[in-house]
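Below is one structure, written out as structure tokens, with a few remarks after it.
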Amino acid sequence: MTAENRFGDFGFAPVVGTYTPKFASLMPETSIAGLSLQSQYLYGGFRGESGAIYVLERKFIGPMTGGCYILHNAEGRMTLHEGSHRSAKGEMVRTIAPDSRRWVAKGMLSGPHEESIDLFITDDDLQWDEGSLISLRGSRPTLGAQFLSSMREEPLAYASQPYWLTGTILGEQVEGPIFFDQVYFRHGSEWKEYPYYTDVQVVWNIFANKYADGTVEFGNITKGRGRWGAGIVVEGTTPLAEAASVGAEFDVDADGYVTGASYDLGAAGVWDFTGDPNQQLGGFNKARWGGYRAQGGMTRRRGDDREVVTGWTWVEAFSDRMKDEELVR
């Protein structure tokens with residue numbers, strides 16, 4: 001972190017809010033507060049008819065992608081499925097329009113067994129096909145979440161919009177949320193070399209819940225060192241929370257995973273996370289460093305007793321930083 005306050009430094013404090021997703025305002029060549037688009041992420045969690053949880057994650061840097069992580073806990077522990085190695089990777093044919101994005105590849109790096117991909121996203125809908133691995137369809141149920149952290153040398157702009165999908169993963173019928181993130185930061189940097197990953201971030205908690213009446217709740221909550229913290233929760237077109245300051249407390253196990261957390265978003269209320277020991281993404285964590293832990297679970301607004309059809313939370317946490325900041329209960 002910055003050692004002293006200089007002109008233009010604000011302790012990583014963000015401006016937060018919701019937005020109406022329009023790809024016309026998210027064109028890759030368009031800068032946001034002087035920042036250029038560095039990477040895009042597509043990730044989410046699904047519950048299958050068997051009760052198993054499936055987690056998907058793809059990262060795009062321009063037209064390039066390293067493939068799709070497919071993790072599942074069908075055998076009780078979250079593991080990387082071998083189909084991940086067959087997912088399309090490398091350079092893709094990218095079609096950018098004011099109201100849509102499309103990535104298509106027929107396979108070129110892994111030989112004849114590599115799966116094809118056809119990913120088509122509009123302002124309101126998402127279709128994702130990867131051969132025998134993935135076939136998902138759905139629409140966007142809420143507004144998006146955004147924040148901007150204005151710093152002299154380490155700024156960050158972020159936008160995330162959810163889609164609620166049904167279809168199949170590895171042949172099983174599933175349902176759940178996908179989050180499509182746009183990340184803007186200093187050109188020439190890589191995320192895991194940037195200070196938000198290397199030092200500032202304590203936790204990043206993204207979730208969506210579908211209730212029995214069909215309502216979907218989407219939330220994006222971050223807590224970090226300094227003044228970094230954003231709590232944005234929305235249902236449909238109604239923002240429930242737009243907090244630029246987040247109070248947080250954590251319960252952590254011996255392996256650094258979060259077993260429980262509470263996020264105080266001020267007048268909007270408190271949201272509680274409950275970790276699932278069968279959704280600890282050990283294999284995913286091995287590809288990262290710095291004490292990073294990713295896991296799944298459930299996030300609920302305290303006092304909200306509505307029936308949940310299904311829901312999923314993605315948590316990225318650094319438990320050593322929680323202890324340093326005295327946030328462990």
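Every number in this text was worked out from the coordinates using simple rules, so none of it is lab data. In this text the structure is predicted, and so the values were computed from the model without any measurement. So basically every Cβ, Gly included, is an ideal-geometry build from the backbone, and we count neighbours across all protein chains shown.
If you take Cα extents along the principal axes in Å from the coordinates, which of (1) 55, 43, 38; (2) 50, 45, 44; (3) 75, 46, 42 do you get? Answer label, from the structure shown: (1).
Counting Lys +1, Arg +1, Asp -1, Glu -1, what net charge surrounds Y211 among other residues with beta carbon under 15 Å of its beta carbon?
Details: positive: R47, K210, R300, R301, R306; negative: E175, D213, E217, E235, D304, D305, E307.
So the environment of Y211 carries a net charge of -2.
Quick one: net charge of H72's neighbours, Cβ under 14 Å, K/R +1, D/E -1? If you can, show how the numbers build up before the last one.
On the way: positive: R47, R77; negative: E49, E57, E75, E82, E172, D276.
Computed value for this residue: -4.
When you filter the trypsin sites (Lys or Arg not before Pro) in the stretch 136-242 for DSSP loop state and at most 12 other Cβ atoms inside 10 Å of their Cβ, you are left with R152. Springs between Cα atoms under 10 Å define the GNM used for the chain, and in it the highest mean-square fluctuation of T274, T313, T95 occurs at T95.
Going by neighbour counts of Cβ atoms within 10 Å, the residues R288, R300 line up, fewest first, as R288, R300.
On the beta carbon distance between E153 and D304, with R0 = 45 Å, the FRET formula returns roughly 0.65.
Kirkwood hydrodynamic radius for the stretch 75-179: how many Å is it when counted over pairs of different Cα atoms? Mind showing how you got there, number by number?
On the way: mean 1/r = 0.0631 Å⁻¹.
Value: 15.8 Å, from the Cα pair sum.
In plain terms, the chain is cut at each of the GluC sites (Glu not before Pro) found in a DSSP loop with at most 11 other Cβ atoms within 10 Å, and the longest leftover piece is 191-306.
How big is the charge dipole of the stretch 12-140 about its Cα centre, in debye rounded to the nearest 20, if each Lys and Arg gets +1 on its Cβ and each Asp and Glu gets -1 on its Cβ?
The dipole of the stretch 12-140 has a size of about 200 debye.
Please compute the net charge surrounding G224, taking Lys and Arg as +1 and Asp and Glu as -1 over other residues with Cβ under 11 Å from its Cβ.
Counting the neighbours of G224, the net charge comes to +2.
Candidates G269, A145, G51 compared by Cα position along the dipole of the stretch 14-324: farthest toward the positive end lies A145, with charges placed on Cβ. Reachable lysines from K323, Cα under 24 Å, same-chain residues fewer than 8 places away excluded? Filter leaves K192, K223, K286. What is the list of residues in the stretch 265-285 whose amide nitrogen lies under 20 Å from a point 7 angstrom out from the Cα of E75, following Cα to Cβ? Within reach of a label on E75: 277-285.
Taken over the C-alpha atoms, the stretch 115-267 has Rg and Dmax values of 17.2, 49 angstrom.
Taking the Cα centre of the chain as reference, the dipole from Cβ charges on Lys and Arg (+1) and Asp and Glu (-1) amounts to some 480 debye.
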